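Trainee: Could you have a look at this structure, given as structure tokens, before my questions?
The values are calculated or read from the model by the stated rules, or taken from the named source; none is laboratory data. For clarity, every value in this text was computed on a predicted model and none was experimentally measured. Positions of Cβ are generated from backbone atoms using ideal geometry, with glycine treated the same way; all protein chains shown enter the neighbour counts.
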Amino acid sequence: MGALQLPKVIRPFTYTDIDQDIIIYGKDRIMQNQYVILTAMYRYAPTFFSDHPSPEKLSAKLLSFNPHTIPGAKALTKKALESNYGITNRSQLEATIDELMLCNVWEGPLYAILIDLFLESPERFSQLRPQDVEQALNEQSKLNTYLSRFSPANQMLNDSEHKQEYTKELVSNVAAYFTEDAKATLEALEALFRHNQAWLHHTDGTSWAAFNYSRAISIIADGAICGYLTEEEAGQWCDKYGSMAERLFRNWQTFLFSAILGKQLMTPAQDRFILGANDYIEGCYKLAVSPLKPLEISGIWPGSNLSALIQAYEGQYSNDPSVNVKKSGPIDLYERTVLPIFRKYKVDYFLLEKKGNAVFYYSPTESAQSGDASYFDMYLEDFEGELEPGEIPFLTTEKCLFTNKYIRIHVKKLFRKKQKLAIPWNGAVELKWEPTGLQDIRLNVNGQAALDIRPNLDRIGMTTSQTLGLSKKETQELYAPDLENLNQAIRELKQTFSA
């Protein structure tokens, strides 16, 4: 195992959560496993908690392999597994899990040692020589403190001969980080350690192993969705690797700090199938501060004290300009500008992706709930190359994109090239909500259909089938309060974006 290169970057796919419903997977039951919660910082939605779901619904979300109602979920999951891990079949899935566990066997203790060397003398860390490191690790009793933590996942430590060989190579790999050839790698590692110096000790000798355990469980769950593993096999694999993690970590705080370190070390970037490190950190924080206590539902590490993690985030990351908490991004625009306006006129109901509205449009929070590929991202790609600098999207439909500057509409014409309209908020634009022939509510923009939403059936006290029998006049009268409020909201939104 080479010591000078970081392990291969293997990126997590996280599932998209569109609404609050629970899908019944298989024969009238939901595939669940308590260890799936180890993926909760990115696989499921911290934003989901804001709706205050019942304990039953929270459990169904956070412990289920596939609690989502996304059309084409299996195909999307297959695509992500292939993109992120090169997994297209069972044997490749098994090999990837083995690679992650092998990475923990070698890199787990190695980085735990490097962290301790840094914490013992931060100012001298980069000046240490290979012989200094070898001397510091000369005592077997000291090495055993690192090795014992990882013994459940490391069969080599159960055999004296293999343990001796493993220990010798481990010390050599650590020392190699302090050679002249590894200078650039060591400098980058030191910078990361300094950035997180206030909480590094909370990883408690586990370094970044949580990141790999989390990814392994996520891959297993996705493998069940794709049919690479049977439901029974997926449950057994989750139990196997999840119980290893449960023995390695003493509480949720250690697990989350370890996962954050791994995320920063391995995958700081963000793309369609990967949640950025900064959003990952924010997801851990939201799990920790949620009054619903979502981490307690699995029974793993009950009563964990998360105060140090909360303090670290609020004191370091929330004020750190290098951490993108989407101050000016799509989620911030949607949650701090768009939703409050609709809430002001009591029509935020229509933008909370409930009651089937998600089949019509997708918001950036839908992407953030899983942190990964989503319909918001997919439809956004249709407008790639059209957005101007500083233009921030906040809502997508199959043919329309709403941003802070334009309402962009793709008009399809039979046997003709698709027409691309860019209607500025600060221009001459007519915006009007009206009932449709199918008793939905449609926003027309300069006469072009832009967005459909479901009516508020709870308010009007009717079912969908009952509304279909209404005349146009009856529908207009029944929907009148909502139509008036929606039109007021869209007018204020125009005024806001025109400023």
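Trainee: At pLDDT below 90 and surrounded by 13 or more Cβ atoms within 10 Å (Cβ to Cβ): which single residue out of A428, A449 fits that description?
Mentor: Values: A428 fails: surrounded by 13 or more Cβ atoms within 10 Å (Cβ to Cβ).
Just a single option satisfies the conditions, and that option is A449.
Trainee: Something else: With the requirement that a residue be closer than 29 Å to T396 by Cβ and crowded, with 16+ Cβ neighbours inside 10 Å, what does the stretch 463-477 give you?
Mentor: T467, T475, listed by residue number.
Trainee: Determine, yes or no, whether W301 is part of a loop (DSSP other than H, G, I, E, B), closer than 23 Å to I97 by Cβ and not aliphatic (A, V, I, L, M). Give the steps one after another, and end with the answer.
Mentor: Numbers: part of a loop (DSSP other than H, G, I, E, B): yes; closer than 23 Å to I97 by Cβ: yes; not aliphatic (A, V, I, L, M): yes.
Here the answer is yes, as W301 does meet what is asked.
Trainee: Still on this structure: Without any contact (Cβ under 8 Å) to a residue 12 or more places away in the chain, over 35 Å from the mean Cα position of the chain (by Cα) and closer than 15 Å to F350 by Cβ, is that true of E434? I'd like the intermediate steps shown before the answer.
Mentor: Working: without any contact (Cβ under 8 Å) to a residue 12 or more places away in the chain: no; over 35 Å from the mean Cα position of the chain (by Cα): yes; closer than 15 Å to F350 by Cβ: yes.
Criteria not met by E434.
Trainee: Among the listed residues A216, A198, identify the single one that is modelled with pLDDT under 95 and out of contact with any Asp or Glu (no Cβ under 7 Å at 6 or more places or on another chain).
Mentor: Details: A216 fails: modelled with pLDDT under 95.
Testing whether each residue is modelled with pLDDT under 95 and out of contact with any Asp or Glu (no Cβ under 7 Å at 6 or more places or on another chain) leaves just A198.
Trainee: Need the failing condition index for E353 against (1) farther than 20 Å from L38 by Cβ; (2) of a type in the set (D, E, K, R); (3) modelled with pLDDT of 80 or more; (4) buried (at least 19 other Cβ atoms within 10 Å of the Cβ), just the number.
Mentor: (3)
Trainee: Residues A224, A234: which one is among the hydrophobic types (A, V, I, L, M, F, W, C) and within 20 Å of the chain's Cα centre (by Cα)? Step through it out loud before you land on a result.
Mentor: Values: A234 fails: within 20 Å of the chain's Cα centre (by Cα).
Result of the check over A224, A234: A224.
Trainee: If I filter the stretch 157-182 down to residues being modelled with pLDDT of 90 or more and farther than 17 Å from G108 by Cα, which single residue comes out as surrounded by the fewest Cβ atoms within 10 Å (Cβ to Cβ)?
Mentor: E180
Trainee: Let me ask another. One residue is enough: does the stretch 257-277 have a residue meeting the conditions of a type outside the set (A, V, I, L, M), part of a helix (DSSP H, G or I) and at pLDDT 95 or above? Please lay out each step first, then the result.
Mentor: Step one: list which residues in the stretch 257-277 are of a type outside the set (A, V, I, L, M), which gives 257-258, 262-264, 267-268, 270-273, 276.
Next, only the ones that are part of a helix (DSSP H, G or I) stay: 257-258, 262-264.
With at pLDDT 95 or above added as a condition, the list becomes 257-258.
There is at least one residue in the stretch 257-277 that is of a type outside the set (A, V, I, L, M), part of a helix (DSSP H, G or I) and at pLDDT 95 or above.
Trainee: Criterion first (modelled with pLDDT under 95 and loosely packed, with under 13 Cβ neighbours inside 10 Å) does R124 satisfy it?
Mentor: Details: modelled with pLDDT under 95: yes; loosely packed, with under 13 Cβ neighbours inside 10 Å: yes.
So R124 fits the description; yes.
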